[in-house]
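Structure first, commentary second.
The values are calculated or read from the model by the stated rules, or taken from the named source; none is laboratory data. This one's a predicted model, so the numbers in the text were calculated from it and none came from an experiment. Counting neighbours? That spans all protein chains shown, and the Cβs are built from the backbone with ideal geometry, glycine included.
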Amino acid sequence: MAVLCKPAIAVPDHVITNEETLELARRLHGGHPQLELALRLIEHTGVQKRHLIQPIDVVLKHPGLEARSIVYEAESKARVPDVVRRALDQAQLEPQQIDLIIYVSCTGFMMPSLTAWLINRMGFRSETRQMPIAQLGCAAGGAAVNRAHDFCMAYPDANVLIVACEFCSLCYQPTDLGVGSLLSNGLFGDGIAAAVVRGEGGTGIRLERNGSYLIPNTEDWISYAVRSTGFHFQLDKRVPGTMEPLSPALRAVAEQHQWNVGKLDFYIIHAGGPRILDDLSHFLDVPPEAFRFSRATLTEYGNIASAVVLDALARMFDEQSALDGHQGLLAGFGPGITAEIALGTWAAPDT
């Protein structure tokens, strides 16, 4: 049965703290009529710092979509291979043993996908299948895990490499002055994650069931307006309350597997913001401590989009608290509003 192995994570060296973000907002938007509201929202994100691929003075400039696309391609090619190598090493596999590469990113666009470049440069077989996912936003981390699981169910001996590359700072739009945009400017960070799903063997989460749920008529709550200046992130004020309608979907997937969603041993959740975790704790009747891995990602890196769930999972590996047979849930949330949900059991070596 497919096992999700330990992810590898990388964040860039340029750092902006929450205090620096607040001061920047005051300086740039001093006359904004809702500045105080935006500052309070940023303060309550729980984010202490974020990592950026460029210094903040460069991020604040907008050289145009073409220039940003050049940066996206150059930075992804410079940074992704090392993360991929570490993920392969942690899964004890070589590039030639990978049968599918799933590449997820919502912060830049390349065609062909970076998967083609990776196959040509890193020794993957020419027969390696490719699955780029671009439009599920933050939910794509969970979707990648689920599509890898599906592939291994169809091809039990196969191995899948997942890569999440998110440079959210390349989506900064200086003319977007809504409260949601100002909040996003203080919430999102840059990061790369990779993980392997092994069809046989491996240590990690033995994937057993997955599901997806879309809240009806919410497709405009999280979206991009695609303009000549690039991707303009649009966030509806109702988004923080989406865990109330999504919690029953998580509960239903667990019940289909004859599990109680409130009594699991571990939870790997996309932390788009602190209210998501607080509300899930309430609606699923789960202790807040259960979401410590996701909260740590939010605190140290901010919202790194599709890479959040993989970073949170890496933190659980590092804590070494999971025992053989422990049951858990992994979930990513994003545009749609969509939830991608996975259930699995911790598999220790030789089990």
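Points to keep in mind about this one:
- Pairs, first among the hydroxyl-bearing types (Ser, Thr, Tyr) in segment 158-183, second part of a helix (DSSP H, G or I), C-beta under 8 Å, six or more apart: Ser169/Val59; Tyr172/Val59; Tyr172/Asn185
- Counted residues, segment 41-91 - those being surrounded by 17 or more Cβ atoms within 10 Å (Cβ to Cβ), of a type in the set (D, E, K, R) and either at pLDDT below 95 or assigned to a strand (DSSP E or B) (or both): 2
- The condition of being modelled with pLDDT under 95 and outside any helix (DSSP H, G or I) holds for only one of Tyr224, Tyr213, that being Tyr224.
- Answer residue from segment 36-68, given it is without any contact (Cβ under 8 Å) to a residue 60 or more places away in the chain and under 19 Å from Gly191 (Cβ atoms) and is farthest from the chain's Cα centre (by Cα) among those: Val58
- Test result for Leu24, buried (at least 19 other Cβ atoms within 10 Å of the Cβ) and over 16 Å from Thr299 (Cβ atoms): no
- Test: residue in segment 166-175 that is outside the structural domain of Ser228 (by TED's automatic domain parsing) and within 26 Å of Tyr267 (Cβ to Cβ): yes
- Out of Ala140, Ala116, one residue alone is outside any loop (DSSP other than H, G, I, E, B), crowded, with 20+ Cβ neighbours inside 10 Å, assigned by TED's automatic domain parsing to the domain that holds Pro81 and among the small types (Gly, Ala, Ser). It is Ala140.
- Within the span defined as segment 191-198, every residue fails to be part of a strand (DSSP E or B) and either within 23 Å of Thr242 (Cα to Cα) or of a type in the set (S, T, N, Q) (or both).
- The one condition in (1) in contact (Cβ under 8 Å) with a residue 60 or more places away in the chain; (2) part of a helix (DSSP H, G or I); (3) in contact with a Ser or Thr (Cβ under 7 Å, 6 or more places away or on another chain) that Tyr103 fails to fulfil: (2)
- When the test is whether a residue is of a type outside the set (Phe, Trp, Tyr) and in a strand (DSSP E or B), Met153 does not pass it.
- The combined condition, being part of a strand (DSSP E or B) and within 23 Å of Ala296 (Cβ to Cβ), is fulfilled by Ala164.
- Yes/no for Ala296 being surrounded by fewer than 23 Cβ atoms within 10 Å (Cβ to Cβ), hydrophobic (A, V, I, L, M, F, W, C) and out of contact with any Ser or Thr (no Cβ under 7 Å at 6 or more places or on another chain): yes
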